Each structure stands twice: as C-alpha cells, then as structure tokens.
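See below for the structure under consideration.
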Amino acid sequence: MTFHKYQGTGNDFIILDNRQDLFPKKNKSMIASLCDRHFGIGADGFILLENDKNSDFKMVYYNADGNESTMCGNGGRCIVAFAKKLQLFNKKTKFIAVDGIHQAEINDNIISLQMMDVNNVKVFENYIFADTGSPHHIEMVTNLDDFPVVKKARSIINKVYGKEGCNINFVEQVNNHTFKIRTYERGVENETLACGTGATAVAIAMHTILKSIDNKINLSVTGGDLKVCFNENNGAYTNIILSGPAEFVFQGTINITL
C-alpha cells in the first residue's frame, strides 16, 4: 500500500487512502510499528481516509501506540490537505471524525478547520481542563523554554488522570493575544512539536480566565504558529476555527499482511 507523510507545525502523520477498506486497522502492533521512529516510518499519529455516505470522507485516527483515539486537530488539517491532493473537493470540504462533522477550507497551504463546540471549561486552582475533541489539562508557567515538560506532565498524569491519561499543556503568555505552548500528548507519551486540539484548548482557556479578551488567539508552538478564533456567549464557545499550515512531506510503499 502507498502511504503519505504529512506534517502540521511539526506534528507529523502517516496517512493512507483506505477507501477500498484493505488496511487491517485492528492490528494495533502494525500501526505502532509503522509510527516507530527507529524501526518504522515514524510519526506522532496514523490516519486512514475512508468513504462516508454523508460527507466527502471519513477520518479514522490512531495514536502512535496503535490505539484508535479521539480527535486530532493537526491530523484533521493534514487529512484535509491529503483529500485535496486526491481531488475529493475544491476549496471547502466536510468530513466526519470520531467527534462528529467538521467543516474545513484550504487556502494555499493554510488549512482552516472548524472544531467542535466547547460548552464546559473547568477552572481549578492551579489548572484549567477543556475537552476540544480530546481532553486537555492546561497550566500556566514561567520560563517555558527551560521547563521540564515530560517529567512534570507524567507526574500530573499519575496524580490526576491515571491510566486514562490526558494531554498536558504548559503555557506562557507573550502578550494580550499570543501564548507559547509546549504539549505532552497521550498515546505518544512524550512531548510533540505541536498539538491542534491543545492549541484550541489553550486559546479557550486563556479567554475563560481573562488572560485575553480577544476572540482571535495566536499560539506559538515548538513547530511553528497556529491561530484559533471563536465566538463566545456566556461561557459557551462556538464556531471555533483552528488555522495553520499542513504540508506534504513524502510518500512511499509499505508491505501489509492482510
């Protein structure tokens, strides 16, 4: 089978066209081995593009550990770029993912992806929790560049979230509408260069706790820059749009045992 490698602000994915339903998607070990950076292709996640009767295509997302997972924002933007390459749409598209229908638009290599509405942001003493298609823990810190992300994130997961895990985001404010983020992703079990649902969660969290009153937030991630805009009414966030680059890296072939 032919695979395609895409990346969005350094968040990288293996994507396969599975419209003929040939890939053995219950084979977790195969998916994990393909995502392995030493013995496989290497990726933060694995995505299948499949047929859907009510939209342009279906997105099936797997973490690097081989387990089917919740929504991935950067993966969503990358599969839109891949679908464009397959000529499944012209400029605007609609596709279904695990959390429902998503609208997206492409301009050059910038993909604007509509995310799910968020109606419940939980503010605790030292952190904020928001589910933006995937669960996210958000903490503000100082001196983010030197912060021990992996060590601290694993400690938080062990103490607060247990076996179910959670994505952990550490945030530093740059100005009234710009924030720096470093994210530890569950399923990868390490820091990644970017996280789309994490950037979305951080933007909403910073607006919720009034660190910003803007409805357009710039997020500086390790792999580049993302933007999140939204509408807000009485704590409910709608029309959330995640925008940023999504780029084709390379393609190749893999032997699959059916």
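Taken together, the values in this text are just the output of simple stated rules run on the coordinates, not laboratory data. Since the structure is predicted, the reported quantities are computational estimates derived from the model, not experimental observations. Cβ coordinates were reconstructed from backbone atoms using ideal geometry, including for glycine residues, and neighbour counts include every protein chain displayed.
How much net charge surrounds Arg19 when only other residues with a Cβ under 12 Å from its Cβ are counted (Lys, Arg +1; Asp, Glu -1)? Show your work: numbers first, answer last.
Working: positive: Lys58; negative: Asp17, Asp21, Glu50, Asp52, Asp56.
Value of the local net charge: -4.
For each pair in Lys122/Lys216; Lys26/Lys159; Lys5/Lys84; Lys58/Lys84; Lys25/Lys58, compute the distance between the two Cα atoms and list the pairs where it is over 24 Å.
Lys26/Lys159
Report P(r) for the range 1-102: all Cα-Cα distances, bin width 10 Å, range 0 to the bin holding the largest distance, values in whole percent.
Going from the shortest bin to the longest, the percentages are 16, 53, 28, 3.
If the only charges are +1 at each Lys and Arg Cβ and -1 at each Asp and Glu Cβ, what is the size of the charge dipole of the chain around the Cα centre, to the nearest 20 debye?
Here the size comes out at about 280 debye.
Around Val249, under 11 Å between beta carbons, what's the net of Lys plus Arg minus Asp minus Glu among the other residues?
Around Val249, the charge tally is -1.
According to the Kirkwood expression over distinct Cα-Cα pairs, how big is the hydrodynamic radius of the range 118-237, in Å?
14.1 Å
Residue-wise, which Karplus ³J(HN,Hα) couplings in Hz belong to the range 166-175, taking 6.51 cos²θ - 1.76 cosθ + 1.60, θ = phi - 60°, and x for glycine or proline?
Running phi through 6.51 cos²θ - 1.76 cosθ + 1.60 with θ = phi - 60° gives 6, 7, 10, 10, 10, 10, 10, 7, 9, 8 Hz.
With runs of 4+ DSSP H residues as the only contributors, calculate the mean residue ellipticity of the chain at 222 nm using -39,500 (n - 2.57) per run, divided by the residue total and rounded to the nearest 500.
Roughly -5000 deg cm²/dmol at 222 nm, from the helical runs in the chain.
Let me have the relative contact order for the chain, percent, based on Cα pairs under 8 Å that are six or more residues apart.
Normalised by residue count, the contact order of the chain is 23 percent.
Rg (Å, one decimal) plus Dmax (Å, integer) for the alpha carbons of the chain?
Expressed in Å, the Cα Rg and Dmax of the chain come to 17.5, 53.
Roughly how many Å is it from the Cα centre of the range 207-258 to that of the range 110-175, as a whole number?
14 Å
So for the range 45-104, what percent of the C-alpha to C-alpha distances run longer than 16 Å?
In whole percent, the share of Cα-Cα pairs in the range 45-104 beyond 16 Å is 35.
Excluding Gly133 itself, calculate the net charge of residues whose Cβ lies under 12 Å from the Cβ of Gly133, where each Lys or Arg counts +1 and each Asp or Glu counts -1.
Cβ neighbours under 12 Å give a net charge of -3.
Which whole-Hz ³J(HN,Hα) couplings does the range 60-70 yield from phi under the Karplus relation 6.51 cos²θ - 1.76 cosθ + 1.60, θ = phi - 60°, glycine and proline marked x?
10, 10, 10, 5, 5, 7, x, 8, 4, 9, 7
First measure r as the distance between the Cβ atoms of Glu68 and Lys152, then evaluate 1/(1 + (r/R0)^6) with R0 = 35 Å and state the FRET efficiency to the nearest 0.05.
0.80
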